[in-house]
Every structure is written in C-alpha cells, then in structure tokens.
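K.L.:
Would you mind keeping the following structure in view while I ask a few things?
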Amino acid sequence: MTMQLTPYVFFDGNAREAICFYEEVLDAEILFCQTLGEGPENPDHPLPAEMKEKIAHAVLKVGDTELMIGDAFPGQTLHEGNQVNICITVNTTGKAQQLYDVLKQNGHVSIPLEETYFSPAYALVTDRFGITFQIFTRRK
C-alpha cells in the first residue's frame with residue numbers, strides 16, 4: 001500500500017458511545033483504541049481529569065474499510081463541517097512531506113508536519129477548498 005484515504009470522525013465527548021453503537025449496528029471490530037490519558041502528558045498543558053477517559057484515537061474495521069474515531073481535543077470546537085476529515089495514510093515521510101507541501105498551499109495548517117509519538121510524520125491541514133486532511137505516516 002502506498003496511500004489510503006480513511007474517514008476520521010470527531011465527536012464532542014461521546015466517541016466511546018459511538019464506538020459501542022457502531023460495534024453493534026455495523027458489526028465493527030475495534031482494531032485500536034487509546035484514551036487521551038494513555039498518551040504522553042504535556043506538563044505545560046495538563047489534561048483535566050474528566051478528559052483523560054475521552055478517546056484520543058480509535059480504529060474500527062467495518063467490512064473491508066477502516067473508520068477512525070476520536071473525541072475533539074480540549075479547546076477544539078466542533079461545528080457542522082469539521083466533524084469528519086480525511087486521513088491520508090502513507091508509508092514514507094517523503095510522501096507525507098510532498099502531500100503536506102501541496103495541501104497547505106492557499107490552505108490552513110492546524111498542525112505542521114512533524115514527528116509525533118504515534119507517527120514519524122503527521123500533520124493536520126485544511127486545503128484551499130475547506131477539506132481537512134490528516135497526513136499520517138505509518139511506522140515501519
């Protein structure tokens with residue numbers, strides 16, 4: 001696989017409920033699920049206790065398709081139009097950089113392309129058409 005597009009759905013604090021619902025209704029299988037509290041703590045921006053159990057990232061398998069789910073991050077306001085974005089999964093940081101450079105032109109960068117604890121090259125970019133893309137590079 002060189003590239004894959006995956007819907008990523010954000011919830012306003014009820015992602016866990018949605019995951020349970022999709023398990024039942026769509027016969028979804030949970031491939032991965034991590035809470036905000038299970039990620040590394042940022043001492044400059046500690047998470048409130050009530051946020052630690054919120055879903056940081058989950059991957060569900062529905063048939064032959066994956067669906068990614070998470071709760072909105074603290075301070076992120078959800079409104080109609082930003083609950084769903086597209087996650088582009090690539091195998092190399094070079095491809096991630098190429099996509100990032102093109103998508104950010106006349107767009108908006110929410111998270112610059114950088115190494116994170118979960119990806120060697122990750123970014124969140126809204127393109128010039130208002131479509132938000134997560135660029136996610138798989139670890140080898």
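The values are calculated or read from the model by the stated rules, or taken from the named source; none is laboratory data. Owing to the predicted nature of the structure, the values given are computational and were not obtained by experimental measurement. We place every Cβ from the backbone using ideal geometry, glycine too, and count neighbours over all the protein chains shown. Ligands, DNA and RNA are stripped out before the accessible areas are found, and what is left, the full protein with its side chains, is counted by its heavy atoms. Shrake-Rupley method; radii C 1.70, N 1.55, O 1.52, S 1.80 Å.
K.L.:
Got a number for residues in segment 52-79 being out of contact with any helix residue (DSSP H, G or I) (no Cβ under 8 Å at 6 or more places or on another chain) and over 16 Å from Thr132 (Cα atoms)?
P.N.:
Summing the residues that are out of contact with any helix residue (DSSP H, G or I) (no Cβ under 8 Å at 6 or more places or on another chain) and over 16 Å from Thr132 (Cα atoms) in segment 52-79 gives 8.
K.L.:
Enumerate the strands (runs of 3 or more DSSP E) found wholly within segment 1-99, keeping only those where 1 or more residues are open to solvent by 90 Å² or more (accessible area, probe 1.4 Å).
P.N.:
Once the strands (runs of 3 or more DSSP E) in segment 1-99 are filtered for at least 1 residues that are open to solvent by 90 Å² or more (accessible area, probe 1.4 Å), what remains is 3-11, 29-35.
K.L.:
Kindly provide the set of residues from segment 49-64 that are within 16 Å of the chain's Cα centre (by Cα), more than 13 Å from Arg16 (Cβ to Cβ) and not basic (Lys, Arg), ordered by number.
P.N.:
Val59
K.L.:
Mind counting the residues in segment 54-75 that are over 23 Å from Thr89 (Cα atoms), touching a residue at least 24 places away in the same chain (Cβ under 8 Å) and out of contact with any Leu (no Cβ under 6 Å at 6 or more places or on another chain)?
P.N.:
Looking only at that region, the number is 1.
K.L.:
Which residues, taken from segment 67-105, are acidic (Asp, Glu) and either under 11 Å from the mean Cα position of the chain (by Cα) or within 20 Å of Pro120 (Cβ to Cβ) (or both)?
P.N.:
Correct list: Asp71, Asp101.
K.L.:
Something else: Filter segment 105-140 down to residues that are hydroxyl-bearing (Ser, Thr, Tyr) and assigned to a loop (DSSP other than H, G, I, E, B) and give me whichever is surrounded by the most Cβ atoms within 10 Å (Cβ to Cβ). Break it down stepwise before answering.
P.N.:
The first filter runs over segment 105-140 and keeps only residues hydroxyl-bearing (Ser, Thr, Tyr), leaving 110, 116-117, 119, 122, 126, 132, 137.
Still in the running and assigned to a loop (DSSP other than H, G, I, E, B): 116-117, 119.
Values: Thr116: 14, Tyr117: 7, Ser119: 20.
Here the answer is Ser119.
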